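J.: I have a structure here, written as structure tokens, and I will follow up with some questions on it.
The values are calculated or read from the model by the stated rules, or taken from the named source; none is laboratory data. Since the model is a prediction, treat every value here as computed from it, not as a measurement. Positions of Cβ are generated from backbone atoms using ideal geometry, with glycine treated the same way; all protein chains shown enter the neighbour counts. All accessible areas refer to the heavy atoms of the entire protein, side chains included, with ligands and DNA or RNA removed. Shrake-Rupley method; radii C 1.70, N 1.55, O 1.52, S 1.80 Å.
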Amino acid sequence: MGFFSRLFKIKEQDPTSPDTTWALEENGSELVLDAEYASMLMTEIDIDAAVASHERWRLQLQDMVNGRSQEVMRPERICQDDRCDLGRWLYGTGKVRLGHFPAFAMLVARHKYFHQQAADVVTLFQAGERQKAVQLLNSSCRHASNQVLLLLKELKRGLGR
């Protein structure tokens, strides 16, 4: 069972048992979706496309610091986590549909942190601090990126796709 799945699954307990440690109304932090609702969410965001787009971003940053790209990146735009497709969904429909779940808030926070780290990588590189940019890219930026990818894949698994 994956990370998101553990966060988003209702505990298997008998509500009539005296050993039950939760009540249905206390399960507000658990993602319990019926198949129809999960299908609707899957039509609102293409998680595979979000994963692919996110992976392309990481490759673009890698190409930049390794001198394989002439693209001029703008850190003031990169740090805006609500401008990419995933960010628009996270702050729009995703927030409406899943925003009350703590695991969703974690995905939003990790996505925002990735954008901040990516902007810092570009800022350092453009300031002539290539080594620092590479170090940041290979440490906290890569870690944040991996967390976003993991959470997206677990979200997809949690939605039954």
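J.: If you roll a 1.4 Å probe over the heavy atoms of the protein chains, what accessible area per residue do you get for the range 94-151, in Å²?
T.: 48
J.: Tell me the carbon and sulfur percent of the accessible area for the range 79-121, rounded to whole percent, probe radius 1.4 Å.
T.: After summing per-atom areas, the C and S share lands at 51 percent.
J.: While we're on this one: Once all Cα-Cα distances of the range 58-134 are split into 10 Å bins that start at 0, what whole-number percent is in each one?
T.: Values per bin, smallest distances first: 19, 43, 24, 13, 1.
J.: Which FRET efficiency value, to the nearest 0.05, is calculated for Val72 and Asp48 with the Förster distance at 35 angstrom and r the Cβ-Cβ distance?
T.: Computed FRET efficiency for Val72 and Asp48: 0.75.
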